[in-house]
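Asks: Dumping the structure here so I can ask a few things about it.
Only the coordinates and a few stated rules stand behind these numbers; no lab work does. Since the model is a prediction, treat every value here as computed from it, not as a measurement. Every residue, glycine among them, receives a Cβ derived from its backbone with ideal geometry; neighbour counts consider all protein chains shown.
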Amino acid sequence: MFGHSDFGNSDLINMLTKKTIILGVTGGIAAYKSCTLASRLKDLGAEVWVVMTDAATKLVGPQTFRTLTGNPVVTDLFSQEIANLPVPHISLAEKADLIVIAPATANIIGKIAYGIADDALTTIVMASRAKKLIAPAMNANMWRNQIVKDNVRKLNEHDFHFVGPVKGKLACGEDDMGRMSEPEEIIEKIEELLKPNADLAGKTFLITAGGTREAIDPIRFIGNRSSGKMGFALAEAAAARGAKVILISAPTSLTPPETVTMINVISAKDMYEAVMKHRHDQDVIIMAAAAADFRPKITFWQKVKKDRDGLQLELANTVDILKDLGNLKNGSKLIGFAVETENLEENAREKLQKKNLDLIVANDTAAFESDSSQVKLIDRTGNVEDLPELPKKEAAHRILDAILRL
Ligand code: CTP
């Protein structure tokens with residue numbers, strides 16, 4: 001938290017450094033204050049992209065924001081300016097850490113609340129999963145209008161945040177409720193929303209990921225469709241929330257997060273050995289890997305040539321890492337995954353019991369290789385939490401929230 005005099009605080013500069021903030025400016029007279037907001041955000045280290053509605057351009061020239069932010073200003077989805085953007089507007093929406101709309105008119109609030117995307121700003125808001133902050137500015141009677149109130153409530157329910165409005169002198173000359181919050185107050189709220197959540201600080205996590213490979217010969221292996229995305233997302237999310245994370249992964253095409261200790265393995269046996277070596281003193285162990293259940297009984301030392309009459313492979317069971325962890329359990333919370341093609345909940349519950357787990361994440365095979373997943377979280381007390389279909393990065397946070405509640 002900070003006030004007027006704290007703008008030079010170096011911690012805050014760090015907090016906003018490299019953060020991408022989209023500043024949406026709509027047609028309120030307070031648009032001139034958004035110039036101060038844009039330049040202060042930039043001074044604090046943020047990369048600021050301004051998106052203006054048509055009405056806003058009648059109040060402040062886009063050139064002003066262009067100069068203040070050093071970035072092109074988006075006024076129209078089809079303009080030359082947007083065609084020349086180094087990133088297309090949808091990438092901009094995805095890249096943003098936060099979208100702040102200041103000033104926000106009753107009109108933009110209504111449009112967003114009703115899912116209308118008919119200009120650059122509403123389209124970007126709709127396409128973005130970033131945190132969203134709205135700084136309303138309007139006539140007092142408009143702010144008190146039940147329709148506006150309903151829209152604000154609806155947006156609150158959809159995780160939009162609000163700052164202000166406050167009481168003060170309005171464009172119509174009245175001294176009443178509806179004035180946009182001052183830039184300092186808006187920045188204070190942005191800082192609060194971007195503050196990293198450190199609820200896992202001091203906790204240790206061991207997480208496995210990816211599909212193991214069981215060698216047939218030096219070239220060929222038996223594998224599975226796991227991409228490793230869920231395990232990596234969990235590792236990254238736990239580290240972002242302050243945990244110390246060891247990620248043991250079978251081969252994937254993913255870039256390991258810099259914030260975790262990475263251990264690469266290939267087979268289920270390698271994974272078993274690495275997990276057993278590192279399992280001690282872990283607060284939480286999450287087996288998100290698709291460790292193989294079977295391996296070829298014999299691995300050929302040389303490449304098997306094809307000039308033979310077929311090839312019979314005899315498979316042996318691999319060791320069930322999670323089951324062993326369940327048997328050896330002393331203090332760590334143990335989380336497993338269950339991938340099922342039928343009777344999802346029932347089979348997952350059975351695994352939870354059999355493997356002595358604290359929580360099981362059950363999903364069907366649709367999640368394989370996908371960027372999103374829809375999972376059920378089942379704990380020992382029989383509690384079932386049905387998560388909606390979410391990007392794996394968000395599902396990871398929801399799984400961590402559930403682990404924290406165990
Ligand atoms: N698992 C493990 N070691 C193995 C196989 C699986 O630790 N050799 C773990 C997975 O990481 C996952 C959980 O066990 O957390 C469930 O995996 P799944 O393949 O769904 O179930 P299995 O226990 O293998 O049982 P089944 O094949 O009968 O469904």
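Asks: Roughly speaking, what % of Cα-Cα pairs in the chain are separated by over 38 Å, rounded to a whole number?
Replies: In whole percent, the share of Cα-Cα pairs in the chain beyond 38 Å is 37.
Asks: Given a cut-off of 25 Å, name the pairs among LYS244/LYS329; LYS132/LYS392; LYS277/LYS355; LYS149/LYS169; LYS229/LYS351; LYS111/LYS393 whose C-alpha atoms lie farther apart than that in the structure shown.
Replies: LYS111/LYS393
Asks: If you don't mind, another one. For segment 296-377, which chymotrypsin sites (Phe, Trp or Tyr not before Pro) are in a loop by DSSP, counting at most 15 other Cβ atoms within 10 Å?
Replies: Of the chymotrypsin sites (Phe, Trp or Tyr not before Pro), the ones in loops of segment 296-377 whose Cβ has at most 15 other Cβ atoms within 10 Å are PHE300, TRP301.
Asks: Name the long-range amide H neighbours of SER373: under 5 Å, sequence gap of 5 or more, or other chain; modelled H, no Pro or chain starts.
Replies: The answer is LEU390, LYS392.
Asks: Taking the mean number of other Cβ atoms within 10 Å as a proxy for protection, how do you rank 290-296, 243-249, 142-148, 34-40 from highest to lowest?
Replies: The packing order, highest mean first, is 243-249, 34-40, 290-296, 142-148.
Asks: What distance in nm lies between label points placed 7 Å from Cα along the C-beta direction at ARG129 and THR259?
Replies: With each label placed 7 Å out from Cα toward Cβ, I get 1.5 nm.
Asks: Place the peptides 321-332, 381-392 in order of packing, highest mean first, counting for every residue the other Cβ atoms within 10 Å and averaging per peptide.
Replies: In decreasing order of mean packing, 321-332, 381-392 become 321-332, 381-392.
Asks: Separate question: Please give the contour-minus-distance gain from GLU346 to ALA55: 0.36 nm per residue of separation, less the Cα-Cα distance, rounded to one decimal in nm.
Replies: Once the chain is fully extended between GLU346 and ALA55, it gains 99.1 nm.
Asks: I want the local charge near GLY115. Using Cβ-Cβ distances under 15 Å, sum +1 for each Lys or Arg and -1 for each Asp or Glu among the other residues.
Replies: -2
Asks: Considering only C-alpha atoms, what is the centroid distance from segment 295-336 to segment 41-80, in Å?
Replies: The distance from the Cα centre of segment 295-336 to that of segment 41-80 comes to 57 Å.
Asks: Sort 341-352, 21-32 by the packing proxy (mean of other Cβ within 10 Å over each peptide's residues), most packed first.
Replies: Ranked from most to least packed, the peptides come out as 21-32, 341-352.
Asks: Length gain on complete extension for the stretch ASP150 to ARG380, per 0.36 nm per residue less the alpha carbon to alpha carbon distance?
Replies: Net length gain for the segment: 78.8 nm.
Asks: What are the residues whose amide H is under 5 Å from the amide H of LEU359, where those residues sit 5 or more places off or on another chain and H is modelled from the backbone?
Replies: Residues meeting the criterion, in which the H sits 1.01 Å from N, are LEU334, GLY336.
Asks: Placing +1 at every Lys and Arg Cβ and -1 at every Asp and Glu Cβ, with all other atoms neutral, what dipole size does segment 180-299 have around its Cα centre, in debye to the nearest 20?
Replies: Dipole of segment 180-299, to the nearest 20 debye: 1000 debye.
Asks: Counting Lys and Arg as +1 and Asp and Glu as -1, what is the net charge of the other residues whose Cβ lies under 12 Å from the Cβ of LYS189?
Replies: Net charge around LYS189: -3.
Asks: Let me ask something else. Compute the length gained on full extension between GLU389 and GLN63: take 0.36 nm times their separation in residues and subtract their Cα-Cα distance, giving the result in nm to one decimal.
Replies: Value of the extension gain: 113.2 nm.
Asks: What net charge is computed for the residues neighbouring THR299, neighbours being all others with C-beta under 15 Å from the C-beta of THR299, Lys and Arg scored +1, Asp and Glu -1?
Replies: So the surrounding residues net to +2.
Asks: Sticking with this structure for a sec: Could you compute the FRET efficiency for ASP175 and LEU313, with r as their C-beta to C-beta distance and R0 at 60 Å, rounded to 0.05?
Replies: With R0 = 60 Å, the Cβ-Cβ based efficiency is 0.10.
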